[in-house]
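The values are calculated or read from the model by the stated rules, or taken from the named source; none is laboratory data. Since this is a predicted model, take the numbers as computed values, not measurements. Backbone-built Cβ (ideal geometry, glycine too); neighbour counts: all protein chains shown. These accessible areas exclude ligands, DNA and RNA; they are computed on the full protein's heavy atoms, side chains included. Shrake-Rupley method; radii C 1.70, N 1.55, O 1.52, S 1.80 Å.
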Amino acid sequence: AYKLNWKPIFTIMMNAPGVVTPPNYEDIDEDFVKTSFAIATEHLKEQYAYIFQTPENKRDLWSLSTWSKKVLPSQVRMNGTPADIEKLSLAAVIKSPPKRNEPVAKGDGHVMRPADPSRRDNCVVC
């Protein structure tokens, strides 16, 4: 539920330029929430203009899941404006995954080489 229902929209809004979460949760007050929401919404308008072509009274009724669905790359490719699709293509180039023959870092700090059947252990560190 987390990955599909609210992570996509939450991640985009929290990573919007200008949204900086205070390190101390006690510093998060109503003013911070309102300001961050406004900044993040402007970011959404810039990145996903097609969403805002829907009348506001309809958007106001959307659930979090609907917003998350609308920002998925597949939905942008199908329904987005040409500018939305172009921004999606640029983001894909910037965040392209490592090539098959490049080492890949694991979450525990180990760097794994591509699978090599002649090696028992593909870990660079071990």
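Computed quantities for the displayed model
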{"item": "Residue under evaluation Ala1, criteria (1) modelled with pLDDT of 90 or more; (2) of a type in the set (A, V, I, L, M); (3) surrounded by fewer than 10 Cβ atoms within 10 Å (Cβ to Cβ), criterion not met", "result": "(1)"}
{"item": "When residues of the stretch 8-48 are limited to those that are of a type in the set (Gly, Ala, Ser) and within 16 Å of the chain's Cα centre (by Cα), the one farthest from Glu86 (Cα to Cα)", "result": "Gly18"}
{"item": "Output for the stretch 44-74, where each listed residue is assigned to a helix (DSSP H, G or I), crowded, with 17+ Cβ neighbours inside 10 Å and of a type outside the set (Lys, Arg)", "result": "Leu44, Gln47, Tyr50, Ile51, Trp67, Ser68"}
{"item": "Qualifying positions in the stretch 18-43 - hydrophobic (A, V, I, L, M, F, W, C) and open to solvent by less than 50 Å² (accessible area, probe 1.4 Å)", "result": "Val19, Phe32, Ala40"}
